[in-house]
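A quick write-up on the structure given underneath.
The values are calculated or read from the model by the stated rules, or taken from the named source; none is laboratory data. Remember, predicted model here, so these are calculated numbers, not experimental data. Ideal geometry is used to build each Cβ from the backbone, glycine not excepted, and the neighbour counts take in all protein chains shown.
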Protein chains: 4
Amino acid sequence: MKNISIDLNADLGESFGAWKMGADEQMLEIVTSANVACGFHAGDPLVMNRTVQLCINNAVRIGAHPGFDDLSGFGRRRILNPDSEHLSASMIYQIGALAAIAASCGAQVSHVKFHGALANMASEERELAHCLVSAVKAYDPQLAIVAMAATELQSQTEKIGLPLLREVYADRAYNDDGTLVSRGQPGAVIHDPVMASDRVLQMIETQCVESINGVKVKVVPDTVCVHGDSDGAVLMARELRRCLEANGVQVAAYTTR
Amino acid sequence: MKNISIDLNADLGESFGAWKMGADEQMLEIVTSANVACGFHAGDPLVMNRTVQLCINNAVRIGAHPGFDDLSGFGRRRILNPDSEHLSASMIYQIGALAAIAASCGAQVSHVKFHGALANMASEERELAHCLVSAVKAYDPQLAIVAMAATELQSQTEKIGLPLLREVYADRAYNDDGTLVSRGQPGAVIHDPVMASDRVLQMIETQCVESINGVKVKVVPDTVCVHGDSDGAVLMARELRRCLEANGVQVAAYTTR
Amino acid sequence: MKNISIDLNADLGESFGAWKMGADEQMLEIVTSANVACGFHAGDPLVMNRTVQLCINNAVRIGAHPGFDDLSGFGRRRILNPDSEHLSASMIYQIGALAAIAASCGAQVSHVKFHGALANMASEERELAHCLVSAVKAYDPQLAIVAMAATELQSQTEKIGLPLLREVYADRAYNDDGTLVSRGQPGAVIHDPVMASDRVLQMIETQCVESINGVKVKVVPDTVCVHGDSDGAVLMARELRRCLEANGVQVAAYTTR
Amino acid sequence: MKNISIDLNADLGESFGAWKMGADEQMLEIVTSANVACGFHAGDPLVMNRTVQLCINNAVRIGAHPGFDDLSGFGRRRILNPDSEHLSASMIYQIGALAAIAASCGAQVSHVKFHGALANMASEERELAHCLVSAVKAYDPQLAIVAMAATELQSQTEKIGLPLLREVYADRAYNDDGTLVSRGQPGAVIHDPVMASDRVLQMIETQCVESINGVKVKVVPDTVCVHGDSDGAVLMARELRRCLEANGVQVAAYTTR
């Protein structure tokens, strides 16, 4: 596996005011790109500033992680029929706010990963995905979009022509069509760090993953999503990085600009 | 009064969600620069987007109007002892959000005018004024700061070296030291459009204004603050512009970049 | 039409902070019961206090008008899959907040009308309607629920056994099944105050309304919803009250306790 | 120390949405009364509902813990010149929201303890303290007010005639006038659970506490404030309760109604 490189990303900067969330310091020593909450579902200007500085200190690539304007629901509730001009402006607002904080620290935002219910809706709804990607393009066409395989978000990113970062999950089972098995289903989540790491290694090596039904599904991983919201999650992320490097995979940020 | 030019500014984009505020469409035909609320004390992404587009259509210069994170108080309540890193990041967040929306429309933000209680505190408190101006500089040192004469904000803007737009009021009486007479005081507010316009004309012509005590006070007006929150306010703004132009003063946006 | 009495209700107290909405003073001289926003989609403690005092001064019955926790969307956006314990607690929180303000003024809350997207969802979704009505009952089983005919909300109110106020609309066309014609459809909204008033008179007299297809549909009106968000709306409400009284219908608050 | 009884209170229910705060389950096995956040600076309807149920399960008295409408600042920032009608309505809103949730669970609110910056201001400012206590009285004159000795809040509670719960701190040094030594000062905070417990025992036994200058200061403790925001805090609370009971002091909720 010479010359193979993979990006590890995590959702960070999700504290808010007096409330702490996530093991950001530890995670920023493991991952190579961070999806930073932008104040609408989590995060606030101070948290964003500190997260950006931690990213810079750890040479981690900075991405925006915009979501619905739903602090009390942590952006996890689907809000129907968003007005497209409003949604578009909301995305640009959030990304721009983070970009300004990054600029004031001498850094820049390189990618966008949508959060929670908004991301789920963007996977399924063409018009919504189109609105989101178009908004990003209107602001900065060099920003990469993080998208799962087999989603409307991936299609629209390709169609509209923004850099695409194809994302895989270390700890989730896949359906035959390349989508994730829903969390409620038995076997949906993989808890064993070694098994999860082996799966990612296999994805990188073979560009395939075995679905929950035993079918070989094609995946092209640019970036692996890891979690940092519990001690177990941090351990898994650390084991994944160790395993990848031990097997000759370079863990490094994607390069789009 | 050949070759004399003055800028007219107003606080705009102060609607929020379903709530409308201000005669923005009419005001944007009168003023030459707009201070656009950035979502913390008023405004929201959709309102900001529409306000920016109206500014572009009317060739009005776009400024950011950041305030305290106090929607229920409209940014008019003094919040004590703000943490300086937090305050700084809050300013950059708000300005950056507007800058991104402007960028997505092909425009840019050119100045910053602080709002309400934050502006009042920045007039009086050196450390706070220093924090605010430094934050703007860290983000973009080409942004101009709108400041009243004889304030800490003006001093810090000059000291830190950002472009300064010296602001005067058409409808307010002045103290002998160049500060405004408090609204509570008798004679503090000038209601007659003709009298207000004559005062501004005199300020431009003589670089002086007569204080409430009859003392001549030096003022150097770069921009005149006008209001657009009532029919009377719109009429006064319109009369001011008419009067200035009738007397040979060019009403045009400031030029700093 | 001897001894016939009808209640007129309107959504009021929808201002927020510095933002004004609605002709509350005028409307409170026309209606007999008010649905007061409770701070989640509109209203704030000060607005609630003033609205309650206006209700008392006009002898208008006070009702709670709880909605989704969505100030930026004015409670008009459907938020999916609300957790039932959360939703229930949200309703009790809002009603209780208003009840306390009313109590401090020597008044009480007598009914509950759900707002916006929440009301629309409660019309269609049995489980949601059950959750809402059960929450009201857990707090105070004497509170009446305002519900449209042929809705899940009406069914659940009857099943759970809370006082029911059957609501009709003066300015909306009806489908054959007693539901409202969607606003998008031609003929959905009746703009002529006289025609609207005649329809309500007919509903009261005959307990029937002619549907958009000319079918006679049974309606039992306890309360008529009127609007106060524009000059035209206030005029229609005033004409409705005048017409009812001129035809011997007593306009008076419902009596459930 | 026969027949002596003391109340232990803690600020609880300070989680918000996805963010957890405080060891509420453990603390509710130690304390006898809880100050429950009401959604303005912390807490939300779901958190309030769960906290109330935990209080009921542990036979802990329920109090309201209202604060400034400042979620991002956790109610710790002083907001100047609050309009008294607004402030009064805000208090009644918060207390009433909690009272309704308690009522829906078959319980009731028995006391009010103001939070953070609002509590600090109420200690110092007569007019503000008067406004707060009057608001509580207007809603329910049987609610007890928790107040520190030598504060405007205590004076106003006595003057207005509401039940008063005099509060002492286990882990804080006192000035000669009965006020707390500011946190910044050396020796202001007592970290040793045994020493803190001994001090409380002495306060109960002698109605005196030794000030930081060695002066005996009179204190009449009705309730002791304990913290639950860290493992150390929980340990101190547990040791305090153990020590009190070992010395024959009954740890039990206050009785005012």
Take the residues in the range B:150-161 that are among the aliphatic types (A, V, I, L, M) and surrounded by fewer than 19 Cβ atoms within 10 Å (Cβ to Cβ), then tell me which one is modelled with the lowest pLDDT. B:150
Residues of the range C:221-243 satisfying the condition of being of a type in the set (Gly, Ala, Ser) and surrounded by 20 or more Cβ atoms within 10 Å (Cβ to Cβ): C:228, C:237
Only listed residue being crowded, with 16+ Cβ neighbours inside 10 Å and within 14 Å of chain D (Cβ to nearest Cβ), chosen from C:170, C:138, C:147: C:138
Looking at C:123, C:72, C:110, C:84 in this structure, which one is of a type in the set (Ser, Thr, Tyr) and free of Cβ contacts under 8 Å to residues at least 24 places away in the same chain? C:72
Conditions (1) closer than 27 Å to residue C:252 by Cβ; (2) touching a Leu at 6+ places or on another chain (Cβ under 8 Å); (3) without any contact (Cβ under 8 Å) to a residue 40 or more places away in the chain: number failed by residue C:203: (2)
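What strands (runs of 3 or more DSSP E) lie completely within the range C:135-228 and have 1 or more residues being under 16 Å from the mean Cα position of the chain (by Cα)?
Working: elements: C:144-148, C:164-169, C:208-210, C:216-218, C:223-225.
In the range C:135-228, the matching strands (runs of 3 or more DSSP E) lie at C:144-148, C:164-169, C:223-225.
Taking the range A:58-96 as the region of interest, how many residues are small (Gly, Ala, Ser) and more than 7 Å from every other protein chain (Cβ to nearest Cβ)? Outline the logic, then answer.
First pass over the range A:58-96, keeping only residues small (Gly, Ala, Ser): A:59, A:63-64, A:67, A:72-73, A:75, A:84, A:88-90, A:96.
When the remaining residues are screened for being more than 7 Å from every other protein chain (Cβ to nearest Cβ), the result is A:59, A:63-64, A:67, A:75, A:84, A:88.
Count: 7.
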Between a residue in the range C:237-257 that is free of Cβ contacts under 8 Å to residues at least 60 places away in the same chain and any residue that is part of a helix (DSSP H, G or I) and of a type outside the set (S, T, N, Q), which pairs come within a Cβ distance under 7 Å, given they are 6 or more apart or on different chains? C:239/C:193; C:239/C:194; C:243/C:201
Regarding the range C:80-87, can at least one residue be identified that is of a type in the set (A, V, I, L, M, F, W, C) and buried (at least 24 other Cβ atoms within 10 Å of the Cβ)? no
Restricting to the range C:10-36, and then to whatever is under 17 Å from residue C:170 (Cβ atoms), among the β-branched types (Val, Ile, Thr) and in contact with a strand residue (DSSP E or B) (Cβ under 6 Å, 6 or more places away or on another chain), can you tell me which residue is surrounded by the most Cβ atoms within 10 Å (Cβ to Cβ)? C:31
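State whether the residues of the range C:27-39 include one that is more than 14 Å from chain D (Cβ to nearest Cβ), touching a Cys at 6+ places or on another chain (Cβ under 7 Å) and over 29 Å from residue C:126 (Cβ atoms).
So the first thing to find is which residues in the range C:27-39 are more than 14 Å from chain D (Cβ to nearest Cβ), and the list is C:27-35.
Among the residues that remain, those that are also touching a Cys at 6+ places or on another chain (Cβ under 7 Å) are: C:28, C:34.
From the residues that got through so far, the ones that are over 29 Å from residue C:126 (Cβ atoms) too are C:28.
The answer is yes; a qualifying residue exists.
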Can you list residue pairs whose Cβ atoms sit under 7 Å apart, with the first residue in the range B:21-33 being polar (S, T, N, Q) and the second being assigned to a helix (DSSP H, G or I)? Count only pairs 6 or more apart in sequence or on different chains. B:26/B:234
Of the criteria (1) more than 28 Å from residue C:69 (Cα to Cα); (2) touching a Ser or Thr at 6+ places or on another chain (Cβ under 6 Å); (3) buried (at least 21 other Cβ atoms within 10 Å of the Cβ), which one residue A:110 fails: (2)
Within the range D:34-63, which residues are in contact with a helix residue (DSSP H, G or I) (Cβ under 7 Å, 6 or more places away or on another chain) and either assigned to a loop (DSSP other than H, G, I, E, B) or touching a residue at least 60 places away in the same chain (Cβ under 8 Å) (or both)? D:36, D:38, D:39, D:40, D:41
Considering only the range C:68-75, I want to know if a residue exists there that is under 27 Å from residue C:127 (Cβ atoms), crowded, with 23+ Cβ neighbours inside 10 Å, in contact with a Lys or Arg (Cβ under 8 Å, 6 or more places away or on another chain) and of a type outside the set (A, V, I, L, M). yes
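Against the definition (at pLDDT 95 or above, more than 14 Å from chain C (Cβ to nearest Cβ), surrounded by fewer than 22 Cβ atoms within 10 Å (Cβ to Cβ) and within 23 Å of residue D:84 (Cβ to Cβ)), how does residue D:126 come out, yes or no?
Taking the combined requirement at face value, the residue satisfies it.
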Given the condition within 13 Å of chain A (Cβ to nearest Cβ) and closer than 16 Å to residue B:41 by Cβ, answer yes or no: does some residue in the range B:106-113 qualify? yes
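Each row is one residue, and each column tells you yes or no for (1) in a loop (DSSP other than H, G, I, E, B); (2) modelled with pLDDT of 95 or more; (3) hydrophobic (A, V, I, L, M, F, W, C).
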site: D:82; (1), (2), (3): yes, no, no
site: D:91; (1), (2), (3): no, yes, yes
site: D:96; (1), (2), (3): no, yes, no
site: D:102; (1), (2), (3): no, yes, yes
site: D:107; (1), (2), (3): yes, yes, yes
site: D:110; (1), (2), (3): no, yes, no
site: D:114; (1), (2), (3): yes, yes, yes
Evaluate the following for residue A:219: is it in contact with a helix residue (DSSP H, G or I) (Cβ under 6 Å, 6 or more places away or on another chain), in contact (Cβ under 8 Å) with a residue 40 or more places away in the chain and over 19 Å from residue A:34 (Cα atoms)? yes
Of (1) under 28 Å from residue C:95 (Cα atoms); (2) more than 10 Å from every other protein chain (Cβ to nearest Cβ); (3) crowded, with 22+ Cβ neighbours inside 10 Å; (4) small (Gly, Ala, Ser), residue D:117 fails just (2)
If a residue must be part of a strand (DSSP E or B), of a type in the set (Gly, Ala, Ser) and more than 13 Å from the chain's Cα centre (by Cα), how many such residues does the range A:1-32 contain? 1
Close pairs from the range B:158-181: first free of Cβ contacts under 8 Å to residues at least 40 places away in the same chain, partner of a type in the set (Phe, Trp, Tyr), Cβ under 8 Å, at least 6 apart: B:180/B:169; B:180/B:174; B:181/B:174
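Would you confirm, using the coordinates I've provided, whether residue D:17 is at pLDDT 95 or above, touching a Phe, Trp or Tyr at 6+ places or on another chain (Cβ under 8 Å), over 15 Å from residue D:66 (Cα atoms) and within 14 Å of chain A (Cβ to nearest Cβ)? So that I can check it myself, show each step before the final result.
Working: at pLDDT 95 or above: yes; touching a Phe, Trp or Tyr at 6+ places or on another chain (Cβ under 8 Å): yes; over 15 Å from residue D:66 (Cα atoms): yes; within 14 Å of chain A (Cβ to nearest Cβ): yes.
Yes: the conditions hold for residue D:17.
Within the range B:52-61, identify whether any single residue is at pLDDT below 95 and at positive phi, and answer yes or no. Don't jump to the end; show me each part of the working.
Of the residues in the range B:52-61, the ones at pLDDT below 95 are none.
Checking the range B:52-61: not a single residue is at pLDDT below 95 and at positive phi.
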